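Have a look at the structure below before the remarks.
The values are calculated or read from the model by the stated rules, or taken from the named source; none is laboratory data. Predicted model, so just to flag it, every value in this text is computed and none were measured. Here the Cβ is made from the backbone with ideal geometry for all residues, glycine too, and neighbour counts use every protein chain on show. Accessible surface areas use protein heavy atoms only, side chains included; no ligands, DNA or RNA. Shrake-Rupley method; radii C 1.70, N 1.55, O 1.52, S 1.80 Å.
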Amino acid sequence: MDDRSNLLEVKNVVKMFGGLRANDNISLQVEKGEIRGLIGPNGSGKTTLINLITGIYEVTEGSIHYYGRRIDGLQSNVIASMGIMRTFQVARVWRDMTVLENMLIPAFTQGLSRREAKSRAEELLDFALLIRLKDKQAKSLSGGQNMLLQIVRGFMHKDLKLYVMDEPFAGVHQSIKGIIIESIKMMNQGKDVTFLIVSHEMSTVKALCNKVTVLCKGERIAEGTMEEVANDPQVIDAYLGG
Amino acid sequence: MKIFNLKNIGLLVLLIVAVFLPVVISDYWRFVLTIAFFYTIMAASWNLLGGYTGQFSLGHHTFAMIGAYTSTLLMQKAGAPFWVSIPAGILLTMIISSLLGVMCLRIHGIYLALITWAFAEVVRNYFRLHYAFTGGDRGIDSPLIFGTMKPTPYYYLFLGIAVLAIVLIAVIMRSKIGYYLRSIRDDPIAARSMGVDIVRYKIFVFMVASGLAGMAGVFYGHSIGLISPVMGDFNEMAMIIIFVVIGGMRTQAGPIVGAISVRYLMELLRAQSEFRIVILTAIVILIMRFFNGGLMELFRRLKKWIRRDREGPVSAYQELEQKQG
């Protein structure tokens, strides 16, 4: 894989659900090492875009490139194996499996041995303050803990390059939110992981993200630093207008 | 993991008991246990597919029938020896199940159940209606593998292949593949997003489970000497599910406990004729109402009650709060 700065490039992507244009000609470039925010009012197409990037949905038109290689049309597991992990708005952990077992699977799919995977999982669970719960079933965890587990589970990928997060801070306890923010910073600075984060929490996005992209009604309406987009009349209209 | 833990020692003792049991029981009970071992393989392999992986197939019994008919027909019509017909029977079930697995990849739940049931009916009716080739409803004689109707060698044969099937399933479930299968059942979208190739593992598990059923069917035919489309009756499938559910779905011991205990119970109730089905189904209702994890859940609760569970329940959230001080 080459080291070009454009890690992710979304080119004129359209996603139709029947007659509904959920993503309308969206283009986006994310550079390596960035923490990019993806914001917009409800129903603006953020989650759809994430689902297109991670192979859950197929694009109707346009293309998605990762390190210059076209990835739209690939299966989610192939995309994951290339180093793109994701989280879901409602934490999708394997509820009948233990916290530790949840952690092991992404490492196994990347060829880590049981010992390596366990050691890495325990290290991450310790960081996330979940180590004491490692033998508990995920269904016994709180919503916030499940979100945290879902996030650190993605870090188990041995060659993680891009982490796409859908509302990682929604409805979680303040202390858990702090751990999530710390983990994002740690992986970004220490492991050069690029993040694309969908969030409604403007203060957190502002603190974390170098740049934000704003979607509204399926279209990209603005891009820039948080200060820049906050003063953009189109963005103000999208959030405050009708 | 310690090999000589209490559980494994218990299993070894059970195995030794099973090996020496024919010395003290009659031919009748040897035959009953042989059939119970056949159903143990069927239940354990269905548990791998329907329990662990969440692919609720209603065509599992059909693979035993396909295996039995393939091997028998190869011998009867083509003069094949056992060493050709038996592997061929198992191989064909694996090939057919892979094709069915590919067809059913994007189908879950009730739809998967319906498709596999329809497949089972097509196959059963083929064997019923193609009289000249399969013997129709009358069935077809299947050469006895040991050349005798004495149950003892068949008892050991089925004990051996049941142990083999159970060990194979245990090895799969403890391997990385076992983790993938459980993740696919729990949340296939999350599994795929975390890099699990769900297509590959769904087909794999369909093939392995059906291959085991095929193997059981092949040897079943060559043990009882006559096979017929009765093997494909939906009642057979219902019984397999009942064994798993009564024993404990998604547990390794559950299908064994379920198959052996229910078969034993049915023999005890033989004098009650058809009324035993009423008793059996009443037991199913009671177990499902009070212990929907089956007899294994009952054992777990008893164990917990005996140990008095000193720590008591502590919520995961409380633990995190404690850690954070």
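Calculate what fraction, in whole %, of the accessible area of chain A sits on carbon and sulfur atoms when a 1.4 Å probe is rolled over the protein chains.
Carbon plus sulfur share of accessible area: 45 percent.
Using only DSSP helix segments of four residues or longer, with each worth -39500 (n - 2.57), what per-residue ellipticity at 222 nm results for chain B after dividing by its residue count and rounding to 500?
-24500 deg cm²/dmol
Could you run the Karplus curve 6.51 cos²θ - 1.76 cosθ + 1.60 with θ = phi - 60° over segment B:8-22 and give me ³J(HN,Hα) per residue in whole Hz, x for Gly and Pro?
5, 5, x, 5, 5, 4, 4, 5, 4, 4, 4, 5, 8, 4, x
List the residues whose amide H sits under 5 Å from the amide H of A:GLY62, counting only those 5 or more places along or on another chain, with H placed 1.01 Å from N in the peptide plane.
Amide H to amide H, under 5 Å and 5 or more residues apart or across chains, A:GLY62 pairs with A:VAL14.
Go through B:LEU49, B:LEU265 and list them by solvent-accessible area, largest first, probe radius 1.4 Å.
B:LEU265, B:LEU49
I'd like the interface area for chains B and A: accessible area of each alone minus the complex, both sides summed, 1.4 Å probe, protein heavy atoms only. What is it in Å² to the nearest 100?
3100
Determine the distance separating the Cα centre of segment B:27-101 from the Cα centre of segment B:230-265; give it in Å without decimals.
Each part's Cα centre sits 15 Å from the other's.
Note the direction-averaged projected area, equal to a quarter of the hull surface, for the Cα convex hull of segment A:40-162, in nm².
8.5
Rg and Dmax in Å for segment B:134-260, alpha carbons only: what are they?
17.5, 55
Output the relative contact order of chain B, whole-number percent, from Cα pairs under 8 angstrom with separation of 6+ residues.
That works out to 29 percent.
Kindly provide the pair-distance distribution of segment B:200-258 built from C-alpha pairs, with 10 Å bins from 0 and whole-percent values in order of increasing distance.
Taking every Cα pair in segment B:200-258, the percentages come to 20, 41, 36, 3.
Between A:LYS118 and B:ARG307, how high is the FRET efficiency from 1/(1 + (r/R0)^6) when r is the Cβ-Cβ distance and R₀ = 22 Å? Nearest 0.05.
After rounding to 0.05, the efficiency reads 0.20.
What's the local net charge at A:LEU112, with K and R +1, D and E -1, over the other residues with C-beta under 12 Å away?
Overall, the nearby charge balance is +4.
Accessible area per residue of chain B at 1.4 Å probe, in Å²?
Values: 15920 Å² over 325 residues.
Result: 49 Å² of accessible area for each residue.
Restricting the calculation to Cα positions, tell me the Rg (one decimal) and the Dmax (whole number) of chain B in Å.
21.0, 79
Give me the net charge of A:MET16's neighbourhood, meaning all other residues with Cβ under 13 Å from the Cβ of A:MET16; Lys, Arg count +1, Asp, Glu -1.
So the environment of A:MET16 carries a net charge of -1.
Which of the chymotrypsin sites (Phe, Trp or Tyr not before Pro) found in segment B:153-228 are loop residues per DSSP with 14 or fewer other Cβ atoms within 10 Å of their Cβ?
Within segment B:153-228, no chymotrypsin sites (Phe, Trp or Tyr not before Pro) qualify (loop, at most 14 other Cβ atoms within 10 Å).
For chain A, what relative contact order do you get, as a whole percent, if you take Cα pairs closer than 8 Å and at least 6 residues apart?
26
Could you state the accessible area per residue of chain A in Å², with a 1.4 Å probe and every protein chain left in place?
About 41 Å² of surface per residue is accessible.
Taking accessible area as the heavy-atom solvent-accessible surface of the protein chains with a 1.4 Å probe, which residues of segment A:68-103 lose no less than 40 Å² upon going from the isolated chain to the full protein assembly?
A:GLN75, A:ASN77, A:ARG92, A:TRP94, A:ASP96, A:MET97, A:GLU101
Using alpha carbons only, how many degrees (0 to 90, rounded to 10) separate the axis of helix B:275-290 from the longest principal axis of chain B?
20
Excluding the sites themselves, what is the longest stretch of chain B that contains no GluC sites (Glu not before Pro) in a DSSP loop with at most 16 other C-beta atoms within 10 Å?
With GluC sites (Glu not before Pro) excluded where exposed in loops, chain B gives B:1-273 as its longest stretch.
In whole Å, largest first, what are the principal axis extents of the Cα atoms in the protein assembly as shown?
Projected onto the principal axes, the Cα atoms of the protein assembly as shown cover 89, 59, 43 Å.
Between segment A:11-81 and segment A:191-221, how far is it from one alpha carbon centroid to the other, in angstrom?
Between the Cα centre of segment A:11-81 and that of segment A:191-221, the gap is 14 Å.
In µm²/s, what is D for chain A at 4 °C and 1.567 mPa s, where D = kT/(6 pi eta Rh) by Stokes-Einstein and Rh is the Kirkwood radius from Cα pairs?
Result for D is 71 µm²/s.
Hand me the GluC sites (Glu not before Pro) from segment A:1-108 located in a DSSP loop with no more than 15 other Cβ atoms within 10 Å, in residue order please.
Filter output for segment A:1-108: A:GLU58.
Past 23 Å, Cα to Cα, is the threshold; run A:LYS15/A:LYS217; A:LYS32/B:LYS176; A:LYS118/A:LYS191; A:LYS11/A:LYS211; A:LYS15/A:LYS191; A:LYS118/A:LYS158 against it and keep the listed order.
A:LYS32/B:LYS176; A:LYS15/A:LYS191
How far apart, in nm, are two points set 7 Å out from the Cα along the Cα-to-Cβ line at B:ASP27 and at A:PHE127?
7.0
Helix B:82-103 versus the longest principal axis of chain B: what is the Cα-based angle in degrees, 0 to 90, to the nearest 10?
For B:82-103 against chain B, the angle is about 50 degrees.
What does the charge count around A:SER44 come to, taking other residues whose C-beta lies under 15 Å from its C-beta (Lys +1, Arg +1, Asp -1, Glu -1)?
That works out to -2.
Along the charge dipole of segment A:6-241, pointing to its positive end and built from +1/-1 on Cβ of Lys, Arg, Asp and Glu, which listed residue (A:ALA121, A:ILE84, A:GLN189) has its Cα farthest out?
Going by the charge dipole, the pick is A:ALA121.
How large a share of the accessible area of segment B:167-263, in percent, is made up of carbon and sulfur atoms when the probe is 1.4 Å and the other protein chains stay in place?
67
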